[in-house]
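Asks: One structure follows; several queries about it will come next.
The values are calculated or read from the model by the stated rules, or taken from the named source; none is laboratory data. Small disclaimer: the values here were computed from a predicted structure and weren't measured. Don't worry about glycine lacking a Cβ; one is built from the backbone with ideal geometry, like all the others, and counts go over all protein chains shown.
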Amino acid sequence: MSIVDKIYQDNISITEEELLEKIIDTEELSALDFWLLPQYVFDEWRKKHDYPRILDNFKRRLPRFEEWMKTFELTDEILMDGYISNFLRFKYTEIKKDHIFHLVKVTYQGKTKHQVWYSYDKNSLHNENEVTYEYVRNFQSYFEWCELNKVDRYEIKVDKYYQAYENEEVYYNFDLRLIKMGRIEPPINGLNQILRQKKIEFVNISGLKLNDKISNNRSIEFIFCVCDNITCKHLHTHFFTFDNSSVRNLNITNSEISNWKFINSTTNGRIKDSLIKNTRIWGGNFTPIFENSEPENIGVWYKNLKHSPNFDRTYRNLYKAHTEIGNYKEANKFKISELDFKRKQAKGFWNNASWLIDKYFWGYGREPKKIIIFTFSTILLFCIIYSLISNQLIPKEIHLTLNWAEKILYSLYSSVVTFVTLGFSDVYPNTGFAKLLVSIEAIIGALSLGALIVTLTKTKE
């Protein structure tokens, strides 16, 4: 029996302060103990036994880490109280690159905690009931600061030993061993909720087992964690977040999951006979194999985010998954997104020009509407040109009898029959310049009509 479980059995109504007093001096706790601890007690135990090890490792192993702390007047106590991961990771914004975080001290029911906010507006912030807010300062995260100051090799390095075994160990930066919370099923209460939902950072979650129905009322967050070899069988749950984590060899079978988030995380494995819906992917890489599974409402973003240079594999993987279930409309969107990503990685003038033509002419061969728009635009453009030189196209005896409106109609007719290469011979160029224009439009028309046929055969709705 775990230490915490025994304490609860002896006194089910024990307060968090009383529980903390009983376990605070215990240096080693089991995975079950950690899952049973409330967030506050879990955090306080780590402040004494775990967070100091993590900060010591970062100061020794991460370049200029202490310089960054001094620059923004961040102490060990502030980092531990506000969750270390909040001070490390990039700020993820889709529209504008904003490097500034805001440190706020929040007091509630006599307990004070530092929080890291994305944005801060002092005019809209009001103290309410027992909650008070105190603005401390703004700062740049360590990763953002390293990028702006061109600091190399600031990433956290991961080493694993005895992988896929019960005694698997995970180390960050060579000598920081992560505490373990994997290889078990998290304890569930009578309402099918994970008993102590919490924010978890810098933890070895490998081998976690998630089965049956789990009803979460808020997200369980894994940040800078190693979450490899997680197995989900007959799982019905939502609200899981993997942030800057390794989620390799994820195995989901006969399950229905929704509202999972993968933020700058490397994810692979197998999803079999399952429904995956309302899932969001920000950066990283997401390449699990879908077998007889249905992805639904999957959102993918990578702009202003740390992502794999092979991020196009994420789009390609989702394209295949949607194609296999016959959802060709969504599959087409992911294929276009994949090619868009490749286009933006292209280098060289001619290479970029080729990609731009490929995109805007026919949407990489998958958007026939673009060719149709191009067709009508080209016909109208040449119609205008022909109307200016109508005497070089329309036979003289007919041209003299036409008013300006009829000349425009004749020019439009000339442009149409030239573009579709019909050539009825009733309208024909009689000068070298007119012949050149007609030849150009005929070539464009032949290529466009051929491209339209190819696009229609490749696109399924």
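Asks: Hey, among the residues in segment 413-458 that are of a type in the set (Phe, Trp, Tyr) and surrounded by 14 or more Cβ atoms within 10 Å (Cβ to Cβ), which one's farthest from Lys359 (Cα to Cα)? If you could, list the steps in order and put the result at the bottom.
Replies: Filtering segment 413-458 down to residues of a type in the set (Phe, Trp, Tyr) leaves 413, 419, 424, 428, 433.
Next, only the ones that are surrounded by 14 or more Cβ atoms within 10 Å (Cβ to Cβ) stay: 413, 419, 428.
Values: Tyr413: 30, Phe419: 22, Tyr428: 34 Å.
The residue in question is Tyr428.
Asks: Can you tell which of Ile281, Ile289 is surrounded by fewer than 16 Cβ atoms within 10 Å (Cβ to Cβ), in the same structural domain as Asp228 (by TED's automatic domain parsing), out of contact with any Pro (no Cβ under 6 Å at 6 or more places or on another chain) and among the β-branched types (Val, Ile, Thr)?
Replies: Ile289
Asks: Within segment 299-330, track down each residue that is assigned to a loop (DSSP other than H, G, I, E, B) and crowded, with 20+ Cβ neighbours inside 10 Å. Show your work before the answer.
Replies: Within segment 299-330, the subset assigned to a loop (DSSP other than H, G, I, E, B) is 302-306, 308-311, 325-327.
Answer for segment 299-330, where residues must be assigned to a loop (DSSP other than H, G, I, E, B) and crowded, with 20+ Cβ neighbours inside 10 Å: Tyr302, Phe311.
Asks: Let me ask something additional. How many residues does segment 255-277 hold that are modelled with pLDDT of 95 or more and on the phi > 0 side of the Ramachandran plot?
Replies: Residues flagged as modelled with pLDDT of 95 or more and on the phi > 0 side of the Ramachandran plot within segment 255-277 amount to 2.
Asks: Okay, next question. If you check Glu461, Glu397, which single one turns out to be outside any helix (DSSP H, G or I), surrounded by fewer than 16 Cβ atoms within 10 Å (Cβ to Cβ), at pLDDT below 90 and charged (D, E, K, R)?
Replies: Exactly one residue qualifies, and that residue is Glu461.
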